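S.K.: One structure, pasted below without further comment.
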Amino acid sequence: MNTTDLKQEILRRSGGDPRRGMACGKCSAACPSYDAMEFHPHQFVRMVNDGNLLPLLQSDSLYKCLSCMACAERCPRGVEPFRLIEAVRLCAVREQGQNHLTPNDIPALLDPDLPQQAIVSAFRKFTK
Amino acid sequence: MKVTYFPGCTLKTKATELDLYARRCAEALGVTLEEAEDWQCCGGVFTASRDEIATKLSSVRVLQTAFEKDQPLVTVCSACHNVVKQTNHALQTDSAFAEAVNRYMQNPVPYVGQTRVLHYLELLRDEIGFDAIRDKVTDALKGRRIAAYYGCLLLRPSGVMRMDDPENPRIMEDLLTAMGATPVLWAQRNECCGGYIAMEDRALALSESEAILKNAAAAGADTVVTACPLCRYNLQKVAGNVKVVYLTELLAEALGIKEEPQ
């Protein structure tokens, strides 16, 4: 799929419209994971809009988003960056063999208090 | 009053006290939580992508169960609540999604989000009423300075959750006051604890939870209260002297029906 088609697919899945973004950076200011991200939420918006998708698809930033929706709630333009990040992440993990988390990874991550909720949530976000 | 109750996966395992005291407190306040039959895990997080259908069907099933019983659907866990309410909203507003769901489920009567979904807090505020709670509490929580922690999932997206003001909520503070405790004012109450990122980047989850706990402690809180098992897990890792407890445990304490630790 070329990047124009991929961009359309991302927009369709997310229901988001990056053209509305005005680069005010409020989403990035609200993001609890800002410091852990190579590409910050406002950059996701711009890069999706530009069709500059390859760096995003390969970036670890896809797996730092908490889906906490602070970016969407505080956006003055209704852009909802987390939806775009999620749509790009799905493009990455839906490729064959590209699950970001596998059942084999789980035993090493367990501790006696870890709630099931953490495991199912991580699978839902990081795998197809 | 009887309601359909969706406990969710973690309330049956690591967070049994959240479940136990949700039932007991509701009963003490005149509401019976009838557990939905054969419910399935909600998946923990809502997938925002519109082309995800199958991952939302467990929520659809429990919503339909409540619809068939003509009861509101009550959840306690913030995550379950978020997933179920967002799914219900998607059925109301996204006709392509609703069509795909109903065709798959072969529903004779289309389910398009008719069920009223209530978080336990909304049950307390809107159905039982905080005044009725105030009449029933003991002075067990008197003098306790408690920080209400909302996190992300109770309030956002606010247009769908419609529980409270997403940036200046008061539902938990009002409940704390009704329970005889002193709610503290603090800035980080609606910031994310890190959630499932604990599976991907433990240090990141810890640093996010640490910022929240520090802020609660600086506001003079002796306790942080949450409705979410994952929030509690993350916050407890960095809690120090501050207690992190479930909403329903605290309510049971206020109502004088909490069991003493063995």
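S.K.: Where the centroid of each part is defined by its Cα atoms, how far is region B:98-149 from region A:15-49 in Å?
M.R.: Cα centroid of region B:98-149 versus Cα centroid of region A:15-49: 33 Å apart.
S.K.: Still on this structure, I have one more. Over chain A, what is the relative contact order in whole percent, taking alpha-carbon pairs under 8 Å and six or more residues apart?
M.R.: 27 percent
S.K.: Round to the nearest 10 and give me the degree value, 0 to 90, for the angle of helix A:41-50's Cα axis relative to the longest principal axis of chain A.
M.R.: Here the helix axis deviates by roughly 60 degrees.
S.K.: Determine the gain in length on full extension of the stretch A:GLN8-A:ASN99; use 0.36 nm per residue of separation and subtract their C-alpha separation, reporting nm with one decimal.
M.R.: 30.5 nm
S.K.: Can you give the convex hull volume of the alpha carbon atoms of the protein assembly as shown per residue, in Å³?
M.R.: It comes to 138 Å³ per residue, whole-number rounded.
S.K.: Once you order the gyration tensor axes a ≥ b ≥ c over the Cα atoms, which shape class does region A:41-128 get: rounded for a/c under 1.5, otherwise prolate or oblate by comparing a/b with b/c?
M.R.: Cα axes put region A:41-128 in the oblate bin.
S.K.: Follow-up. Distance from the Cα centre of region B:5-19 to that of region B:196-231, in angstrom?
M.R.: 20 Å
S.K.: Setting aside same-chain residues fewer than 8 positions from B:LYS56, which lysines have a Cα under 18 Å from its Cα?
M.R.: A:LYS125, A:LYS128, B:LYS85
S.K.: Find out how many positive minus negative residues lie around A:ARG12, taking Lys and Arg as positive, Asp and Glu as negative, among other residues whose Cβ is under 12 Å from that of A:ARG12.
M.R.: That sum, taken over residues with Cβ under 12 Å, equals 0.
S.K.: Report the net charge of residues surrounding A:VAL79, where surrounding means a beta-carbon distance below 12 angstrom and charges are Lys +1, Arg +1, Asp -1, Glu -1.
M.R.: Net charge in that neighbourhood comes out at +4.
S.K.: From the residues A:PRO103, B:THR223, B:MET179, which one has its Cα farthest along the dipole of the protein assembly as shown in the positive direction, the dipole being from +1 and -1 charges on Cβ of Lys/Arg and Asp/Glu about the Cα centre?
M.R.: The Cα lying farthest towards the positive end belongs to A:PRO103.
S.K.: Taking R0 as 22 Å, what FRET efficiency do you get between B:MET1 and B:ARG162 from their Cβ-Cβ distance, rounded to the nearest 0.05?
M.R.: Efficiency at R0 = 22 Å is approximately 0.60.
S.K.: From the helices alone, meaning DSSP H stretches of at least four residues, give me the mean residue ellipticity at 222 nm for chain B, per-run term -39500 (n - 2.57), in deg cm²/dmol to the nearest 500.
M.R.: Helix-only estimate at 222 nm: -12000 deg cm²/dmol.
S.K.: Taking H as built 1.01 Å from N, whose amide H comes closer than 5 Å to the amide H of B:TYR5, not counting residues under 5 places away?
M.R.: B:GLU34, B:GLU35, B:ALA36, B:VAL74
S.K.: Moving on. Hey, got the dipole for the protein assembly as shown? About the Cα centre, +1 on K and R Cβ, -1 on D and E Cβ, debye to the nearest 20?
M.R.: 620 debye
S.K.: Between B:ALA28 and B:LYS214, what FRET efficiency follows from the Cβ-Cβ distance if R0 is 30 Å, with the result rounded to 0.05?
M.R.: 0.25
S.K.: Classify region A:3-95 as rounded, prolate or oblate from the Cα gyration tensor: take a ≥ b ≥ c as the square roots of its eigenvalues, call it rounded if a/c is under 1.5, otherwise prolate when a/b beats b/c and oblate if not.
M.R.: Oblate.
S.K.: Still on this structure, please answer the following. Restricting to DSSP H runs of at least four residues, report the calculated mean residue ellipticity at 222 nm for chain A, -39500 (n - 2.57) per run over all residues, nearest 500 deg cm²/dmol.
M.R.: Helices in chain A give a 222 nm mean residue ellipticity of -13000 deg cm²/dmol.
S.K.: Compute a Gaussian network model of chain B, connecting alpha carbons closer than 10 Å, and tell me which residue from B:GLU99, B:GLU35, B:GLU210 fluctuates the most.
M.R.: B:GLU99
S.K.: In the neighborhood of B:VAL84, defined by Cβ-to-Cβ distances under 12 Å, what is the net charge if each Lys or Arg adds +1 and each Asp or Glu adds -1?
M.R.: That works out to +4.
Where a number appears in this text, it was derived from the coordinates with a stated rule and is not lab data. All of these numbers come straight from a predicted model, not from anything done at the bench. As a convention, Cβ positions derive from the backbone with ideal geometry for all residues, glycine included, and neighbour counts pool all protein chains shown.
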